[in-house]
């Protein structure tokens with residue numbers, strides 16, 4: 001009879017792909033692919049927010065979030081490419097702008 005702890009550990013290893021030899025299963029691929037697409041789009045929203053605020057405190061918080069998003073994008077992109085998974089289509093990077101470039105009254109209702 002097999003050791004139950006060994007069976008549990010082997011099952012966990014296969015689910016976590018800890019040996020690096022087993023390919024990802026469809027659920028892992030879908031979760032990673034969806035997460036990558038969402039976080040990649042989030043970087044665009046962070047950029048837009050950074051381009052439209054003049055409040056330094058808000059900018060500091062947004063910069064922190066932007067850096068976190070970029071870090072996750074890089075890690076997930078590396079993983080997906082390494083596993084041979086095509087990257088999902090995402091929006092192009094937003095151009096740099098300044099809050100002073102927004103004409104007065106544009107955001108007024």
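The values are calculated or read from the model by the stated rules, or taken from the named source; none is laboratory data. No experiment lies behind these values; they were computed from the predicted model shown. Because the Cβ atoms are built from the backbone with ideal geometry, glycine has one as well, and the counts that use them run over all protein chains shown.
Of everything in region 42-88 that's outside any helix (DSSP H, G or I), within 21 Å of residue 31 (Cα to Cα) and free of Cβ contacts under 8 Å to residues at least 12 places away in the same chain, which residue is farthest from the chain's Cα centre (by Cα)?
Taking region 42-88 and keeping what is outside any helix (DSSP H, G or I), we get 53-55, 83-88.
Still in the running and within 21 Å of residue 31 (Cα to Cα): 83-88.
Next, from what is left, pick out any that are free of Cβ contacts under 8 Å to residues at least 12 places away in the same chain: 84, 86.
Details: 84: 18, 86: 15 Å.
Per the stated criteria, the residue is 84.
Each row is one residue, and each column tells you yes or no for (1) at pLDDT 90 or above; (2) farther than 30 Å from residue 98 by Cα; (3) surrounded by 10 or more Cβ atoms within 10 Å (Cβ to Cβ).
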residue: 1; (1), (2), (3): no, yes, no
residue: 9; (1), (2), (3): no, yes, yes
residue: 13; (1), (2), (3): no, yes, yes
residue: 22; (1), (2), (3): no, yes, yes
residue: 40; (1), (2), (3): yes, no, yes
residue: 53; (1), (2), (3): no, no, yes
residue: 66; (1), (2), (3): yes, no, yes
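Could you list, in sequence order, the residues of region 18-41 that are touching a residue at least 24 places away in the same chain (Cβ under 8 Å) and not in a helix (DSSP H, G or I)?
Selection gives 23, 24.
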